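The structure under discussion appears below in the form of structure tokens.
Only the coordinates and a few stated rules stand behind these numbers; no lab work does. Computed from a predicted model, the values in this text were never measured in an experiment. Counting neighbours? That spans all protein chains shown, and the Cβs are built from the backbone with ideal geometry, glycine included.
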Amino acid sequence: MREVPWDVIISVAATTATALIYRGLQREASVVAGAKQLLNEKDVLTAEPGVFAVVQGLARAHHDNELLSCGTAGDIKAILHEQVLQRHYAKWSELWKEWIRYSQVLTTNFRSIPFQVCSLVDDKTVLAHVPPPSSTPADLDLDTVNVSFAPSSDKSFAQGIVEVFQSERQLGLETIDKALTPNGHITVLGEVALGEKGLVQLIRPTKRLPYIISRRTYADIVASRVFSATVSKYVMYGCLGGLCVVLGRRLWKWYQKWQVTQKRGGGTPLFWNAAIFSCATRVVRPAKRALFAEPPYCAGYGHICRAQIDAH
């Protein structure tokens, strides 16, 4: 049964995967770095629909009565609101001989309204309108505006006994409110589109382009994308170097086996073929055959047969 070269297969798969990841990250970094910047009202008026653009400024609602109410008393107004409900519990550790606390996210609720991005220079100049996202953007770090904790103190005696036997105690529920408040810095990268009354909007790109809503500046976003592409490139080079080492190791083992075979009078390597060396292989028989004549010899691969010597 032939040996399966798992080391070669794994090395080739890792190199291919990292190469594809590097190609995707490099393409995203180049697209983000080449986005058209909408800095003032002139850039907004000359922006063509379908162009990938970036705008950064202050986030504001179209109307103040559209703002979302969040927090324990509902006194905090927000444009984007995310509420996270976590369960806190403790487990008994046999290794450390103590109770260790853990947390688990139970539910996540996200709400948003349409908002507009105003210029940092003149806050009365609206650069673009952004439709409400359906979920929390991956690049958006919302501010924590409220945290409330409800302890599990009303447990019965039987429930406490059950928790001891299960080695797990319920500590309580924690509610975390995260929000993007008005006049907060925002950066949006998307596709330019014309909405109602000729308003310039930045929507999710119809092509395979990134849609980014972040609190960071445009320069920081570009730097992070370039850094990710650079790291993936060196990881790809490392996997490629590992593949070269694996192939070199297998070739060296093959060469050692071939040397042992040659010393024992065995055959030749698989790729040493008569077709490559253009050495004709023929069978030469002696002119006179004795009673105990030796069998015919092959005159291939550059060797001189004994039958040829006898014939001469």
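Once amide H atoms are placed 1.01 Å from N in the peptide plane, what residues at a sequence separation of 5 or more from residue 145, or on another chain, have their amide H within under 5 Å of its amide H?
Here 177, 178, 179 satisfy the definition.
Dividing the convex hull volume of the Cα atoms of the range 52-216 by its residue count, what figure in Å³ per residue is obtained? Don't skip to the end; give the middle numbers.
Working: hull volume 26.6 nm³, N = 165.
So the per-residue hull volume is 161 Å³.
What does the highest-first list of 46-57, 183-194 look like by mean Cβ count within 10 Å?
On the way: 46-57: 17.6, 183-194: 19.4.
The densest-packed peptide leads the list: 183-194, 46-57.
Along Cα→Cβ, 7 Å out, is where each label goes; now give me the distance between the ones at residue 95 and residue 66 in nm to one decimal.
5.2
Give the relative contact order (percent, whole number) for the range 52-216; include only Cα pairs under 8 Å separated by 6+ residues. List each step's numbers first, then the result.
Details: 372 pairs, mean separation 50.7, N = 165.
RCO, the range 52-216: 31 percent.
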